[in-house]
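The structure under discussion appears below in the form of structure tokens.
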């Protein structure tokens, strides 16, 4: 049972269809140094993330940095 006065809060969240926006991605095959992949896998485990996503973020940041220059 509710306790105290209730206050209605306006819905500020987007609908689920807007939360699942596909990224404009292209699948590629790339050969990386084993040590680099192991590094990202280890960091991903520590942060409960996916190592492929971490690698993609690094590449995206690098490309953004030098595209703007």
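Points to keep in mind about this one:
- Scanning segment 1-32 for residues that are at pLDDT below 90 and part of a loop (DSSP other than H, G, I, E, B) yields a total of 21.
- When segment 33-57 is limited to residues that are outside any helix (DSSP H, G or I) and surrounded by fewer than 10 Cβ atoms within 10 Å (Cβ to Cβ), the one that is modelled with the highest pLDDT turns out to be 33.
- Any pair with Cβ under 9 angstrom, 6 or more apart, that starts in segment 47-69 at a residue that is at positive phi and touching a residue at least 40 places away in the same chain (Cβ under 8 Å) and ends at one that is outside any loop (DSSP other than H, G, I, E, B) and surrounded by 11 or more Cβ atoms within 10 Å (Cβ to Cβ): none
The values are calculated or read from the model by the stated rules, or taken from the named source; none is laboratory data. Owing to the predicted nature of the structure, the values given are computational and were not obtained by experimental measurement. Virtual Cβ from ideal backbone geometry, glycine too; neighbours counted across all protein chains shown.
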